[in-house]
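Working notes for the structure below.
Nothing in this text is a laboratory measurement; each read-out follows from the coordinates by a stated rule. Keep in mind the model is a prediction, meaning the values are calculated, not measured. Don't worry about glycine lacking a Cβ; one is built from the backbone with ideal geometry, like all the others, and counts go over all protein chains shown.
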Amino acid sequence: MDSLSVYNSLSRKKEQFEPINPPFVGMYVCGPTVYGHAHLGHARSAITFDIVYRYLTFLGYKVRYVRNITDVGHLVNDADEGESKVEKQARLQQLEPMEVAQLYFNSYTADMTSMNLLRPSIEPRATGHILEQIEAIQQIIDNGYGYVSEGSVYFDVTKYNEDFGYGKLSGRDLDNMLEESRTNLEGQSEKRSSADFALWKKASPNHIMRWNSPWSEGFPGWHIECTVMSTKYLGAKYDIHGGGMDLLFPHHEAEIAQSNACNCHAPADQQDEAKYWLHNNMITYEGQKMGKSLGNAISLREFFSGDHALLDQAYHPMTIRFFILQAHYRSTLDFSNQALQGSEKALKRIHEAIKRLGGINPDDQAIVVNEEFEQNLASFMKDVQSALNDDFNTARVIARMFDALPVVNQLYKVKGGGFAVNPDTFNQFREDFLKVFTDILGMKSEVEESGNESQEVIDGLMKLVTEIRTTARAEKNWEVSDQIRDSLGSIGIKLEDNKQGTDWYYEK
Ligand SMILES: [Zn+2]
């Protein structure tokens, strides 16, 4: 069996995954800034690292998964000037900033839970770690990589660049960055260089979230919280740092610089904060970036309710999850109603197959092995693991599940007519298929979209309808039996007659 390899943004290549201290794995993922409802981009990042978490756990690693909550320091334009995102929302909603943070953290958690995400081991908040951030900033100043200016503290990128080289994660060159920002120096007079970023900001008189520090009453910069909280819970150097591609620069570049500036006397293999830096790609809408300013940002709640002008219908949370898993996490994923409806149908086929797998009993049947079928089911788990070992390729896993469906359908259909695979192979496959779907991909084996009660009603009605049809056929009343079949066909339900009676399923 091949072993796990992951694409490391730091080396720009796939590398063998070797944890620093096996069987333990430390993973830190940048979580949401809690000032609005979560959207599809949040779902993609969270689901990507949910898969990493689940698969590493499946492989036997003991994973400590830390995902932070940003409730302070993230400013509106992602740079060092402007209003705080949380405070701005507090003003608009006439709430205390901590109420805003709690409101949207609750909303985020509810949305993620409805998509069956596992909660991380630790969910630390930036405001809960102000003292640690002040200590780290002091250490950066003491080590010569930070300076105080008008009560704020900035990271000295030029000095850091001389000693460590700034830009190794993003592949950017400091001279080019300075050249690009030369025209944009307005309001940055406190900084020595436009590339410098804030570690601590002195609060303006009307700023609500503020803490005492050696430099001023103020609040931490956006990047320092992640360096501090990852170090606190995972150590100065840990295994995996994850996040969306949009965080790679400046956020993650700044994290690496801060970590090295704090930790500057440590040997080279103790540096760069994390060993593997993993980034998920973005979601587009008909080829365009999705964003609030572009008018095409759709919140997850709007997907779940269908209540948005761009949506044709409501989409079940598990359909959203499945849609995201149908692409590899490093590919862009283009959202459209058509694509989501495709995922919805594909998902129905898998649910149908799971239902059928439960109804197959090889022990009742004579065995007439079909080599092709036998091979298909016997190699299933090996193929799935090989896809996951190749940088968590869930798209290939799902494709492999679909490759097995025709065999499942055949085994189901020819009940009693000679079972085409060895029962041991079949039993193992059935167990693995469910495990892959529910434990590794984190999908639910049944969709409760219409509620259990409705499902009971549907089952009851279908039983009645198929019985009427069976009676009609026995009486050679083809008109009635054809009418039933055709009417059901027109709403996507297919009937299948076999020795045991009539089965029905949703057509693909
Ligand atoms: Zn972060």
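Here are the numbers for the structure shown:
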{"item": "The stretch 58-161: projected area of the alpha-carbon convex hull, averaged over directions, in nm²", "result": "10.2"}
{"item": "Where labels lie 7 Å past Cα in the beta-carbon direction, separation of Met98 and Asn206 in nm", "result": "2.3"}
{"item": "Leading residue at positive end of dipole, the chain (Cβ point charges), from Pro97, Val228, Met282", "result": "Met282"}
{"item": "Point-charge dipole on Cβ atoms (K/R +1, D/E -1) for the stretch 1-115, about Cα centre, debye to 20", "result": "480"}
{"item": "In Å, descending, principal axis extents of the Cα set of the chain", "result": "94, 51, 36"}
{"item": "Distance cut-off 24 Å, percentage of C-alpha pairs in the stretch 22-280 lying past it", "result": "47"}
{"item": "Spacing of the two label points (7 Å from each Cα toward its C-beta) at Asp424 and Ser305, in nm", "result": "5.5"}
{"item": "Charge dipole (the chain, unit charges on Cβ, about Cα centre) - positive-most of Phe392, His39, Gly242", "result": "Phe392"}
{"item": "Arg91, Arg321 arranged by Cβ crowding within 10 Å, fewest neighbours leading", "result": "Arg91, Arg321"}
{"item": "Average Cα contact separation per residue, the stretch 451-506, under 8 Å, 6 or more apart, as relative contact order %", "result": "21"}
{"item": "Per-pair calculated FRET efficiency, R0 = 22 Å: Asp312 and Leu464 via Cβ, rounded to 0.05", "result": "0.10"}
{"item": "Pair Thr158, Gln16: separation of 7 Å Cα→Cβ label points (nm)", "result": "4.4"}
{"item": "Flagged links, alpha-carbon separation over 22 Å, of Lys348/Lys382; Lys355/Lys494; Lys88/Lys191; Lys232/Lys275; Lys191/Lys275; Lys159/Lys201", "result": "Lys348/Lys382; Lys88/Lys191; Lys191/Lys275"}
{"item": "Packing-based ranking, highest mean first, of 457-467, 294-304 given that Cβ atoms within 10 Å are counted", "result": "294-304, 457-467"}
{"item": "Difference of contour (0.36 nm per residue) and Cα-Cα distance, Arg192 to Glu507", "result": "106.9 nm"}
{"item": "Mean residue ellipticity (222 nm) of the chain, computed from DSSP H runs ≥ 4 via -39,500 (n - 2.57), nearest 500", "result": "-14000 deg cm²/dmol"}
{"item": "Amide hydrogen neighbours beyond the local backbone of His328, cut-off 5 Å, H modeled", "result": "Ala395"}
{"item": "Sites Gln271 and Ser121 - FRET efficiency at Förster radius 22 Å, r taken between beta-carbons, to 0.05", "result": "0.35"}
{"item": "DSSP-assigned coil residues among GluC sites (Glu not before Pro) in the stretch 116-212, each with at most 15 further Cβ atoms within 10 Å", "result": "Glu150, Glu186"}
{"item": "The chain: relative contact order as a whole-number percent, Cα under 8 Å and 6+ apart", "result": "16"}
{"item": "Given charges at beta-carbon only (K, R positive; D, E negative), |dipole| of the stretch 22-280 in Debye", "result": "860"}
{"item": "Debye log10 I(q)/I(0) at q = 0.11, 0.15 Å⁻¹ for the stretch 106-260, Cα point scatterers", "result": "-0.49, -0.88"}
{"item": "Residue-by-residue Karplus 3J(HN,Hα) for the stretch 210-219, coefficients 6.51, -1.76, 1.60, Hz, glycine and proline x", "result": "8, 9, 6, 8, x, 10, 4, 7, x, 8"}
{"item": "Which of Pro267, Val76, Thr48, positive extreme of dipole for the stretch 22-280 (C-beta unit charges)", "result": "Thr48"}
{"item": "Average projection area in nm² (convex hull over Cα atoms of the stretch 451-506, one quarter of hull surface)", "result": "3.9"}
{"item": "Spherically averaged projected area of the stretch 261-303 from its Cα convex hull (nm²)", "result": "5.8"}
{"item": "DSSP beta bridges in the chain [antiparallel fraction, %, rounded to 5]", "result": "55"}
{"item": "Semi-axes of the equivalent ellipsoid for the stretch 400-446, Cα gyration tensor, largest first, Å", "result": "22, 11, 9"}
{"item": "Dipole in debye (nearest 20) - the chain, about Cα centre, beta carbon charges: Lys, Arg +1; Asp, Glu -1", "result": "520"}
{"item": "Sorted largest first, extent of the stretch 285-440 alpha carbons per principal axis (Å)", "result": "63, 31, 22"}
{"item": "Förster-model FRET efficiency, 60 Å R0, Ala378 and Gln139, C-beta, rounded to 0.05", "result": "0.60"}
